[in-house]
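Here the structure comes first, spelled out in structure tokens, and everything after it is commentary.
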Amino acid sequence: MSRGDPDAFVDSAAGRLIRPYAVAGGRTAPNADFHLVTYVVATGRALGDLGPDHDDILSLCDRPISVAEVSALSGLPLAVTKILLSDLLGWRAIDTRAPVPVFERARPSTDLLEKVLDALYKL
């Protein structure tokens, strides 16, 4: 069982042998605010020796990816994923892009909404 082996800390019957609170270093909340749909992407900044979970998450961030996807693909609980992402953000290893609410981008005109409503009534 070596640290570089991805199956080193997984038991076929018990699952992951390292508990989430240990992965997060006992922390229960991230230092940054992440929504499920916040996009994260690696900056390419060289970092020293990271833990295996930080490495896994950073490798997932080689392209823009949402926090929810990072959590699902890493197999870590969402709260733990957010804590590890906040570490990476603090080390400037990732950049984030918060979601933009739909109506801040383009609010449909009242005229358009009335035409849609009229068309629905005709159905």
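The values are calculated or read from the model by the stated rules, or taken from the named source; none is laboratory data. Note that the coordinates shown come from a computational prediction; the quantities given were computed from them, not determined experimentally. Cβ coordinates were reconstructed from backbone atoms using ideal geometry, including for glycine residues, and neighbour counts include every protein chain displayed. Heads up: the accessible areas ignore ligands, DNA and RNA and are worked out on the full protein's heavy atoms, side chains in. Shrake-Rupley method; radii C 1.70, N 1.55, O 1.52, S 1.80 Å.
What to note about this one:
- Amide H contacts of T43: I94, D95, each under 5 Å away and 5 or more positions distant or on a separate chain (H built 1.01 Å from N in the peptide plane; Pro and chain starts excluded).
- Area accessible to solvent at S66, 1.4 Å probe radius, in Å²: 10
- For the peptides 33-46, 52-65, 107-120, the ranking by packing is 52-65, 33-46, 107-120, with the highest mean count of neighbouring Cβ atoms within 10 Å listed first.
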